[in-house]
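Student: The structure that follows is given in the form of structure tokens.
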Amino acid sequence: MKLMTLIAAVMVFSTFTSCNKDDNNGGGGGSEVASVITFTFPTTGAIVLNGTPMKVEGTISDNNSLASARVEIRNKTTGAVYFSQTTTTPTTTFYRFDWTWNVSGITTTTAATVKVTARDMNGVEVIKEVDFTLEN
């Protein structure tokens, strides 16, 4: 009976330890943990004036190497995209993003959203958005 219990315990242990995701694509190894995106600017509720440069700043960290980071600034009501850019970020687990959009074409107070998407080497994407206001 003790032998059967020992065999069962070894089988359970082997099953659990072999469940980690295999990461043989240059992604840094280990199991998948979602990227963490942190904004420095804009902050929720920030006001950005037409005719000024708007910085989108922050960091992305991931336990697997990042593949890319993308920013998109859009009108929250209509969905119209004002600015977008994708940056390749190969073989890094920490990325400091710093994009600049020269605000133009804003004629009225406009609710807007900045969305940052992080994609790691395993193809896993994480999105974080911050709402802010554009003013003429």
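Read the figures in this text as sums done on the coordinates, not as results from a lab. In this text the structure is predicted, and so the values were computed from the model without any measurement. Note that each Cβ is placed from the backbone with ideal geometry, even for glycine, and that neighbours are counted across all protein chains shown.
Student: Contour minus end-to-end for VAL36 and GLU125, with contour as 0.36 nm per residue of separation and end-to-end as the Cα-Cα distance?
Tutor: 31.0 nm
Student: Mind sorting VAL114, VAL36 by how few other Cβ atoms lie within 10 Å of their own Cβ, fewest first? Don't skip to the end; give the middle numbers.
Tutor: Working: VAL114 25, VAL36 14.
Arranged by neighbour count, lowest to highest, VAL114, VAL36 become VAL36, VAL114.
Student: Within region 113-136, which residues have the backbone N less than 15 Å from the label spot 7 Å out from ASN50 along Cα→beta-carbon, could you tell me?
Tutor: 133-136
Student: On to the next question. Could you tell me the relative contact order of region 30-135? Use alpha-carbon pairs under 8 Å, at least six residues apart, and round to a whole percent. Don't jump to the answer; show the numbers that get you there.
Tutor: Details: 275 pairs, mean separation 38.3, N = 106.
Computed over region 30-135, the figure is 36 percent.
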